[in-house]
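The values are calculated or read from the model by the stated rules, or taken from the named source; none is laboratory data. Please read these numbers as outputs of a predicted model, since none were measured by experiment. Using ideal geometry, Cβ is built from the backbone for each residue, glycine included, and neighbour counts are taken over all protein chains shown.
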Amino acid sequence: MDSIKEYWWRVGLELQLRQHSGDAFQDLFGRIMQARYGDDYVRVRPFGQRGDKGCDGYLASCGRVYQCYGAVNGEGGKVAYLIGKMGEDFAKARDTLMDIMREWRMVHNLVGGLPVEAIQALSAIQAGRPSIPCAFVGLESIASILFELDEPEIEALIGPAATFADEQNFQAAELKSLVLAILQAVDDAPLPTLAEIKEVSAAKLDHNALPPHWAQFIASGWQNAHHVGAYFARHPDPLTGERVAQQFRERYAYLRAQGLQVQVIMVNLYEMIVGKGIVPVERMIAAQALLAHLFESCDILEDAPVAQTAS
């Protein structure tokens with residue numbers, strides 16, 4: 001698979017997982033599994049009072065039962081609820097499906113990682129029934145399944161991915177549209193003062209420990225970041241660029257104060273630009289360029305510390 005398409009689809013998958021919760025997440029996972037395994041994967045839903053018996057999906061060839069947990073916004077704040085659900089779902093499947101269950105999987109959309117209590121809960125479940133292998137299925141496992149599909153199937157599930165040619169075909173009209181949407185959302189905010197533009201450190205990507213696909217996303221966006229700078233420089237309102245940058249500084253500070261992982265912060269910042277749902281490739285490229293520009297010119301991520309010289 002083209003490396004550029006792969007990192008765009010990984011970004012798209014993160015967005016899809018965060019944007020789908022509850023039954024919608026179960027449906028998304030079911031569509032991915034059926035695209036990969038066909039009729040071997042059976043999607044399950046409750047029928048009347050019978051319920052689903054602790055099974056949201058079943059891979060017949062290996063007797064694997066899947067139970068889904070789709071948190072709102074892909075965030076793991078409800079730790080007690082998650083742990084309780086894991087215990088209840090496994091117990092229900094153990095009591096009703098032992099004739100067909102040989103493995104058990106807890107599928108989740110917690111893109112920033114699981115709480116340690118969930119790992120402890122899974123270990124306790126496994127210890128109580130060692131003959132039934134148990135595991136989590138999260139972002140990385142779902143990505144592995146997704147990338148076994150043909151590209152048209154991936155696009156149907158996740159949306160389009162940009163190519164090298166797309167990245168070379170930056171559309172100024174899309175940037176203008178994105179900036180107008182951001183400004184309209186903050187029209188009532190006070191005008192910021194002009195701030196000094198800080199040169200981005202060559203070590204900034206490494207310092208922030210961005211996952212590879214997000215690091216490539218920013219690095220590839222630098223080729224178009226100058227278009228963003230030129231647009232702001234030519235804008236009739238000389239404070240337009242600073243107003244946009246200030247919104248992202250504030251949003252970044254808010255997200256970082258919550259202790260979120262950097263990849264979750266990147267998803268939030270990207271969604272701040274494009275909104276929810278699948279967007280056209282031209283808009284994706286403009287959003288990438290805007291984020292790369294902001295990465296270089298304002299504090300949306302931490303800069304690498306300046307090396308101290310010995311006296």
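For residues that are without any contact (Cβ under 8 Å) to a residue 60 or more places away in the chain, hydrophobic (A, V, I, L, M, F, W, C) and crowded, with 16+ Cβ neighbours inside 10 Å, tally how many sit in the range 106-127.
Adding up the residues that qualify gives 7.
Inspect the range 214-234 for any residue being closer than 30 Å to residue 143 by Cβ, surrounded by fewer than 19 Cβ atoms within 10 Å (Cβ to Cβ) and in contact with an Asp or Glu (Cβ under 7 Å, 6 or more places away or on another chain) and give the result as yes or no.
Of all residues in the range 214-234, those closer than 30 Å to residue 143 by Cβ come to 214-225, 228.
Within this subset, residues satisfying the condition of being surrounded by fewer than 19 Cβ atoms within 10 Å (Cβ to Cβ) are 215, 219, 222-223.
After this cut, where a residue has to be in contact with an Asp or Glu (Cβ under 7 Å, 6 or more places away or on another chain) as well, the list is 223.
Yes, some residue in the range 214-234 is closer than 30 Å to residue 143 by Cβ, surrounded by fewer than 19 Cβ atoms within 10 Å (Cβ to Cβ) and in contact with an Asp or Glu (Cβ under 7 Å, 6 or more places away or on another chain).
Name the single residue that is nearest to residue 279 (Cα to Cα) among those in the range 138-172 being within 15 Å of the chain's Cα centre (by Cα) and among the β-branched types (Val, Ile, Thr).
Across the range 138-172, the extreme among qualifying residues is 158.
In the list 71, 60, 93, which residue meets the criterion of being in contact with a Leu (Cβ under 9 Å, 6 or more places away or on another chain) and of a type in the set (Gly, Ala, Ser)?
On the way: 60 fails: in contact with a Leu (Cβ under 9 Å, 6 or more places away or on another chain); 93 fails: in contact with a Leu (Cβ under 9 Å, 6 or more places away or on another chain).
Checking each option against the conditions leaves just 71.
Residue 183: within 26 Å of residue 246 (Cβ to Cβ), aliphatic (A, V, I, L, M) and either at pLDDT 90 or above or touching a helix residue (DSSP H, G or I) at 6+ places or on another chain (Cβ under 9 Å) (or both), yes or no?
Details: within 26 Å of residue 246 (Cβ to Cβ): yes; aliphatic (A, V, I, L, M): yes; either at pLDDT 90 or above or touching a helix residue (DSSP H, G or I) at 6+ places or on another chain (Cβ under 9 Å) (or both): yes.
For residue 183, the condition - within 26 Å of residue 246 (Cβ to Cβ), aliphatic (A, V, I, L, M) and either at pLDDT 90 or above or touching a helix residue (DSSP H, G or I) at 6+ places or on another chain (Cβ under 9 Å) (or both) - is met.
Residue 148 is checked against (1) surrounded by fewer than 17 Cβ atoms within 10 Å (Cβ to Cβ); (2) touching an Asp or Glu at 6+ places or on another chain (Cβ under 8 Å); (3) within 30 Å of residue 5 (Cα to Cα); (4) not aromatic (Phe, Trp, Tyr) and fails just one. What number does that condition carry?
All conditions are met except number (2).
Select from the range 245-292 the residues that are of a type in the set (A, V, I, L, M) and more than 20 Å from residue 221 (Cα to Cα) and list them in ascending order. Don't jump to the end; show me each part of the working.
Taking the range 245-292 and keeping what is of a type in the set (A, V, I, L, M), we get 245, 253, 255, 257, 260, 262, 264-267, 269, 272-274, 278-279, 281, 284-287, 289-292.
Those that are of a type in the set (A, V, I, L, M) and more than 20 Å from residue 221 (Cα to Cα): 253, 255, 257, 260.
From 10, 64, 18, grab the single residue that is over 23 Å from the mean Cα position of the chain (by Cα) and either basic (Lys, Arg) or surrounded by fewer than 18 Cβ atoms within 10 Å (Cβ to Cβ) (or both). Show your work before the answer.
Numbers: 10 fails: over 23 Å from the mean Cα position of the chain (by Cα); 18 fails: over 23 Å from the mean Cα position of the chain (by Cα).
Going through 10, 64, 18 in turn, the sole match is 64.
So, in the range 73-102, how many residues would count as being exposed (fewer than 13 other Cβ atoms within 10 Å of the Cβ), under 29 Å from residue 263 (Cα atoms) and not small (Gly, Ala, Ser)?
1
Of all the residues that make up the range 1-47, how many are without any contact (Cβ under 8 Å) to a residue 12 or more places away in the chain and either within 19 Å of residue 215 (Cβ to Cβ) or not in a helix (DSSP H, G or I) (or both)?
Number of matching residues: 3.
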